[in-house]
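Visitor: Quick one: this structure, given as structure tokens, is what I'll be asking you about.
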Protein chains: 2
Amino acid sequence: MARYAPVNFADVNIHGKFWHERLETVLTRTIPSQYDKLGENGILESIKLPDPPPPLRLKRHPNGFTVQVFWDSDVGKWVEAASYALSHRRDAEIEQKIDAIVEDLARAQAPDGYLNCWYLGREPENRWTNLRDNHEMYNAGHLLEGAIAYFQATGRRRFLDIMERYLDHMAEKFGTGPGQERGYGGHEEIELALMKLYYLTGDKKRLDFCAYLINERGNPEPHYYDVERERREAKNGGEDTQRYVFGDYEYSQSHKPVREQDKVVGHAVRAMYLYTAMADLAAETNDAALKRACEVLWADVMDTKMYVTAGLGPSAHNEGFTHDYDLPNQTAYAETCASVALIFWAQRMLHLDLDGKYADILELAMFNGALVGLSRDGEHYFYANPLESDGTPTRWDWHFCPCCTMNVSRLVASVGNYFMSASDTGIAFHLYGGVETEQTLAGVKVKINEASDYPWSGDIKINVDPETLATFEVKLRIPGWCKDAKVAVNGEAQDVGAATNGYLTINRQWTAGDEISLDLPMPPEKLYANPHVIMDAGRVALKRGPLVYCLEQTDNPGGWVQRFRLPRTSELKTETRADLFDGVVTLKADAIAIKEDEFTDLYRTKPPVDEPASITAIPYYLWANREQGSMVVWIPEA
Amino acid sequence: MARYAPVNFADVNIHGKFWHERLETVLTRTIPSQYDKLGENGILESIKLPDPPPPLRLKRHPNGFTVQVFWDSDVGKWVEAASYALSHRRDAEIEQKIDAIVEDLARAQAPDGYLNCWYLGREPENRWTNLRDNHEMYNAGHLLEGAIAYFQATGRRRFLDIMERYLDHMAEKFGTGPGQERGYGGHEEIELALMKLYYLTGDKKRLDFCAYLINERGNPEPHYYDVERERREAKNGGEDTQRYVFGDYEYSQSHKPVREQDKVVGHAVRAMYLYTAMADLAAETNDAALKRACEVLWADVMDTKMYVTAGLGPSAHNEGFTHDYDLPNQTAYAETCASVALIFWAQRMLHLDLDGKYADILELAMFNGALVGLSRDGEHYFYANPLESDGTPTRWDWHFCPCCTMNVSRLVASVGNYFMSASDTGIAFHLYGGVETEQTLAGVKVKINEASDYPWSGDIKINVDPETLATFEVKLRIPGWCKDAKVAVNGEAQDVGAATNGYLTINRQWTAGDEISLDLPMPPEKLYANPHVIMDAGRVALKRGPLVYCLEQTDNPGGWVQRFRLPRTSELKTETRADLFDGVVTLKADAIAIKEDEFTDLYRTKPPVDEPASITAIPYYLWANREQGSMVVWIPEA
């Protein structure tokens, strides 16, 4: 089978209502407002070397570092998101802003290529002394992703050249050769960016440096983070002043070599970025052991560590993973960035093996764990994404550490990346929702247009229009949640039972005007968690198609939504609500509610009084866009 | 009405089985083993000035301080607990150990009376520069409580003299007079210790200093913690190196003057210690505004912020309070120290107003939130006390910050303090459980013996034996949880309906051999939480008498206890189990359990399969004394 590669978003026209709205919101509101926020918060100024503004009196992290050491990454991520916007439509004003940033970076860059604005501006003598905590490589990775995206959008190389010089410097300093340091970044990210650069330029030394970083990670003899800490201590003559809050190297997935890792541990975003690069590297180098590690880690997340929303990382303490089945709802950290990064990883796994189980999670994370991070208006955010709320958390218009804001904008701005893959011999659909592309398949130009109101409806039409008769395969993902899919080509039913690994392959001679119709019934479903998830025992979650639902107080007035219990026998009904969020499908059911009564004490012996009630559930990603109030995903069963 | 004051534990012989066992365990195992732990962990050595051992490489708190700055308090608390042990029975070996500690402290004390071993040994130039964080007054408070207890047990004044010199130094430095600093400690504690000293010696300057500390707290113009921070910054020429993690002064209840405080905020133990001293001071100075503040704060805790176990402070982040009704179970911090301190506060409130509502909480905290912190063997501890567990947390044999260990030992060693109060005109019983005392009431010596198997049984006999005929009142607390109490004197039924504020007063002429019988029926009860406690919605807690119950896996084998649901109609039965923990009453009920089946996925659409089950609940304070396993207090209802 020919290898499938993602169809680039620049070649995808998104016309479906759902994603068109999100994309336009991000292009017209989110990305411009993020630039303003970067300015208001001193981040754009921080790269203006050699005279950066005085350090802000920002609240410091308890371990002493400041988020200012990550600021280069925020600049890089904005450039990346904005460049995706340019790929949709050029905009001289945005290009001017990016060019100004690039010139700032060019001025900041040290003669040897080093480029980290915090260190260059504040403590140049300390560069590369704390890879464990201080994010030089992480920042470089995000700047590199920005440079690649800007090059792809505009053809301008200057930013890319700057970054290539920095990479040359890094690859000279770090490696296994004589005189080289065996360091690697405490927050993974540059690895996946190096793979992107390798895909862009084919320059094998970028692949090699990525392989070095991944292979060296967790090497215990001696552990590099011990080596550099001892150096700092020797220099300072005592206990390291840079305290490592997290105690062990699981936090950064450097507790052992990556091929020996079989449990997902530590900081969730770090982990996802690492696994993304591992999957890329495994694919590119045919590394069976690395692929196997990815698969084992994937199974560990899926079997024991993922929220039903595809949120990852229950704990705020380490912004990451704890133990199996530990999935508290109200305190779920489930950082938006982690679900975005899960999408990256799932996409890489999907291209290692075209298996629908990866696309199912990609889709789940997209519509739930990731999208929930961005408000309807495109200018408010969630960093942590609880699955239950007493109404306390609200969306922010910016965040102390704004990583999630631009992770969600760069995701949506490039969402076209995730719909389809193509090979010489065909095209594969992973997501649906109204997309159009032109591809050369089996040597023939083919226009392909998928039309649907997905995810609200599973009624999908795909028009396949080759310039001339052509034989190629069209692979259609049959979602794992879909029990009774039907597929027809020009009205002729296909055998959906022949689908393998979640994809139905239609290999035929195509002619202009051919139409595939795909019927993915999406009756509302109740989900039950494995009983080892003690937080969800006796509870039920509601889902329809790829969308997880929740009860929000504004749709269920009269008090906290936690007062409802849903009888197991209660049937879920759908209701199309044109009046809500420009048209959504809600779920309704008969339920039981604790009656508002004379309950005044904190505890009492008299049971609460029940009354019949009707509940309305909305898609989880839409919560917290109206009045503040309580919310619950896992509803107690009666 | 004559003012009631607590009967001192030294005048109380505890012979009832429940408390006798706990007391003997603490005297024979807990207190001796704690001395060993203080030694093993470098704490006893840390007061050996001028040459303390080199600073340990202890893990530092993220904000940079070390728990070593609290170590004086640990020494003080051990001396206090050990002194209570001496009040039960003198022990030359323990006295020798305490005397050695006292001599260390005498050697350490500065010529001007200052006595903080961390500062004297490590950074003498910095003393009194960070009252906000560094606990000098807190440490002094605990040393003072130790000194008072040791004086009371042995009559030896040396420790007390040392502490009085230190207090003189402090009262000279801090106050509202000319040239004085307007500081007060960031962790309250010394205030209540000063009140104890005032009660002991009658020296009004200790009362005045306590009043100063309480009245100055939260004074906004200017806020002392701003003043001292600015001084540190001026000295260091930049941003304060001692970071205040908690952002605002609610953490230490210094966000506004105490009489204006109406919501319980911040660090739970700090809050409870403050309110304890406020109640003492209000009583001693007839300060109506201060008393009113105590009452408002009390109502706030009771109505919105207390776990059903009398645990306090849901959040590990600030070891304290969050918002109303935020009472998560699995992540409950509910520090043992906070429930111990709630007992202190409740006792003070009870002596401001002899109202059973305070005694009810005192009892609840005693039997649940506090006692749970100490293992059956007396040598293992819980610092945080969750109300639900997946089996992960286990008891510690010591703690990085060992505050709770000696809070529970000093509580149990002096538990006799909480049973009774006496005035010139009578005696009041707050707790029951087998206690004997001799008091002078109405000028006549009276032996009073209360015999019961409380809390397992509410069948209580109180023998009142005056030396001669005497008229005085005996007040009997009728617990708030008791619906159908019966009281008789010499077999003659009394009108329990005449009880006011939870106390039935029997005022009569007593003669030797008089017997009060008290029948407090304690059928098992189901408790329901106010629906605003979203974590407990649809759940029920089990209670009998003062004891909250829980399901622990070892009594309910076959998997996680979260698989059970308790039908509302299911009746609770008691079972006396002589085989368990030397005899306890368990609760049993018919329930429904999720069946162990082929559930392998994390989420699925097929509902779990139920089966009938029987559950056994044990008292919450006894959990985590056998095999590790899951536990739940709030059981889902079916």
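The values are calculated or read from the model by the stated rules, or taken from the named source; none is laboratory data. None of the values given here were measured: they were computed from a predicted structure. Neighbour counts are summed over all protein chains in view; Cβ atoms, including those assigned to glycine, are modelled from backbone coordinates with ideal geometry. For accessibility, only protein heavy atoms count, side chains too; no ligands or nucleic acids. Shrake-Rupley method; radii C 1.70, N 1.55, O 1.52, S 1.80 Å.
Visitor: Return a yes/no flag: does the stretch B:386-401 have any residue that is surrounded by fewer than 24 Cβ atoms within 10 Å (Cβ to Cβ) and aliphatic (A, V, I, L, M).
Guide: Looking through the stretch B:386-401, none of the residues is surrounded by fewer than 24 Cβ atoms within 10 Å (Cβ to Cβ) and aliphatic (A, V, I, L, M).
Visitor: Considering only residues of the stretch A:209-246 that are of a type in the set (S, T, N, Q) and at pLDDT 90 or above, which is nearest to residue A:191 (Cα to Cα)?
Guide: Looking at the filtered set, the residue picked out is A:215.
Visitor: Here's something else I'd like to know. Considering only the stretch B:507-538, state which residues are among the acidic types (Asp, Glu) and open to solvent by 60 Å² or more (accessible area, probe 1.4 Å).
Guide: The answer is B:515, B:519.
Visitor: Across the stretch A:121-139, what is the number of residues that are aromatic (Phe, Trp, Tyr) and assigned to a helix (DSSP H, G or I)?
Guide: Looking only at that region, the number is 1.
Visitor: Can I ask one more? All but one of (1) open to solvent by 40 Å² or more (accessible area, probe 1.4 Å); (2) closer than 30 Å to residue A:395 by Cα; (3) more than 13 Å from chain B (Cβ to nearest Cβ); (4) free of Cβ contacts under 8 Å to residues at least 40 places away in the same chain hold for residue A:626; which doesn't?
Guide: Failed condition: (4).
Visitor: Continuing with the same structure: Residues of the stretch A:457-474 being part of a strand (DSSP E or B) and open to solvent by 10 Å² or more (accessible area, probe 1.4 Å), which ones? Even if it seems obvious, please write down each step before you answer.
Guide: If we filter the stretch A:457-474 for residues that are part of a strand (DSSP E or B), which is where we start, we get A:459-466, A:470-474.
Of everything in the stretch A:457-474, those that are part of a strand (DSSP E or B) and open to solvent by 10 Å² or more (accessible area, probe 1.4 Å) turn out to be A:459, A:461, A:463, A:465, A:471, A:473.
Visitor: Within the stretch B:50-63, is even one residue part of a loop (DSSP other than H, G, I, E, B), open to solvent by 30 Å² or more (accessible area, probe 1.4 Å), modelled with pLDDT of 95 or more and within 24 Å of residue B:185 (Cβ to Cβ)?
Guide: Within the stretch B:50-63, none of the residues are part of a loop (DSSP other than H, G, I, E, B), open to solvent by 30 Å² or more (accessible area, probe 1.4 Å), modelled with pLDDT of 95 or more and within 24 Å of residue B:185 (Cβ to Cβ).
Visitor: Still on this structure: How many residues, within the stretch B:568-579, are aliphatic (A, V, I, L, M) and in contact (Cβ under 8 Å) with a residue 40 or more places away in the chain?
Guide: Qualifying residue count for the region: 1.
Visitor: Does at least one position in the stretch A:603-618 carry a residue that is away from chain B (no Cβ under 14 Å), farther than 24 Å from residue A:367 by Cβ and not acidic (Asp, Glu)?
Guide: Yes - at least one qualifying residue is present in the stretch A:603-618.
Visitor: To continue, here is another question. Residues being within 29 Å of the chain's Cα centre (by Cα), buried (at least 18 other Cβ atoms within 10 Å of the Cβ) and more than 23 Å from residue B:378 (Cα to Cα): count how many of those fall in the stretch B:575-608.
Guide: 1
Visitor: Something else: Would you tally the residues in the stretch B:245-269 being more than 14 Å from chain A (Cβ to nearest Cβ) and open to solvent by 10 Å² or more (accessible area, probe 1.4 Å)?
Guide: 10
Visitor: Still on this structure: With the structure loaded, tell me whether residue B:334 is closer than 27 Å to residue B:374 by Cβ, part of a loop (DSSP other than H, G, I, E, B) and more than 14 Å from chain A (Cβ to nearest Cβ) or whether it fails that test.
Guide: Criteria met by residue B:334.
Visitor: Moving on. Going through the stretch B:434-456 one residue at a time, which ones are part of a loop (DSSP other than H, G, I, E, B), open to solvent by 10 Å² or more (accessible area, probe 1.4 Å) and within 17 Å of residue B:515 (Cβ to Cβ)?
Guide: B:453
Visitor: Any residue at all in the stretch A:564-572 that is more than 13 Å from every other protein chain (Cβ to nearest Cβ) and closer than 30 Å to residue A:25 by Cα?
Guide: no
Visitor: Looking at the stretch A:580-596, can you tell me whether even one residue there is within 14 Å of chain B (Cβ to nearest Cβ), farther than 30 Å from residue B:543 by Cβ, free of Cβ contacts under 8 Å to residues at least 60 places away in the same chain and not in a helix (DSSP H, G or I)? Please lay out each step first, then the result.
Guide: Within the stretch A:580-596, the first condition is being within 14 Å of chain B (Cβ to nearest Cβ), and the residues that meet it are A:591-596.
Right, trim to farther than 30 Å from residue B:543 by Cβ and you get none.
So far as the stretch A:580-596 goes, no, none of its residues is within 14 Å of chain B (Cβ to nearest Cβ), farther than 30 Å from residue B:543 by Cβ, free of Cβ contacts under 8 Å to residues at least 60 places away in the same chain and not in a helix (DSSP H, G or I).
Visitor: Can you pull out every residue in the stretch A:163-176 that is open to solvent by 10 Å² or more (accessible area, probe 1.4 Å) and not in a helix (DSSP H, G or I)?
Guide: Hit for the stretch A:163-176 is A:176, nothing else.
Visitor: If I filter the stretch B:294-318 down to residues being in contact with a Gly (Cβ under 6 Å, 6 or more places away or on another chain) and within 14 Å of chain A (Cβ to nearest Cβ), which single residue comes out as nearest to residue B:349 (Cα to Cα)?
Guide: B:310
Visitor: While we're here: Scan the stretch A:551-563 for residues that are surrounded by fewer than 20 Cβ atoms within 10 Å (Cβ to Cβ) and within 12 Å of chain B (Cβ to nearest Cβ) and report the count.
Guide: The total comes to 2.
Visitor: Can you report the number of residues in the stretch A:525-550 which are at positive phi and either more than 7 Å from chain B (Cβ to nearest Cβ) or not in a loop (DSSP other than H, G, I, E, B) (or both)?
Guide: Number satisfying all stated conditions: 1.
Visitor: OK, next. When you look at residue B:291, is it crowded, with 19+ Cβ neighbours inside 10 Å, at pLDDT 95 or above and facing another protein chain (nearest Cβ under 9 Å), yes or no?
Guide: no
Let's see how each residue does on (1) open to solvent by less than 30 Å² (accessible area, probe 1.4 Å); (2) within 14 Å of chain A (Cβ to nearest Cβ); (3) over 30 Å from residue B:542 (Cβ atoms):
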| site | (1), (2), (3) |
| --- | --- |
| B:476 | yes, no, no |
| B:484 | no, yes, no |
| B:495 | no, no, yes |
| B:505 | no, no, yes |
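Visitor: Could you check the stretch A:122-162 and list, in sequence order, the residues that are over 30 Å from residue A:240 (Cα atoms), acidic (Asp, Glu) and open to solvent by 10 Å² or more (accessible area, probe 1.4 Å)?
Guide: Within the stretch A:122-162, A:161 is the sole residue that qualifies.
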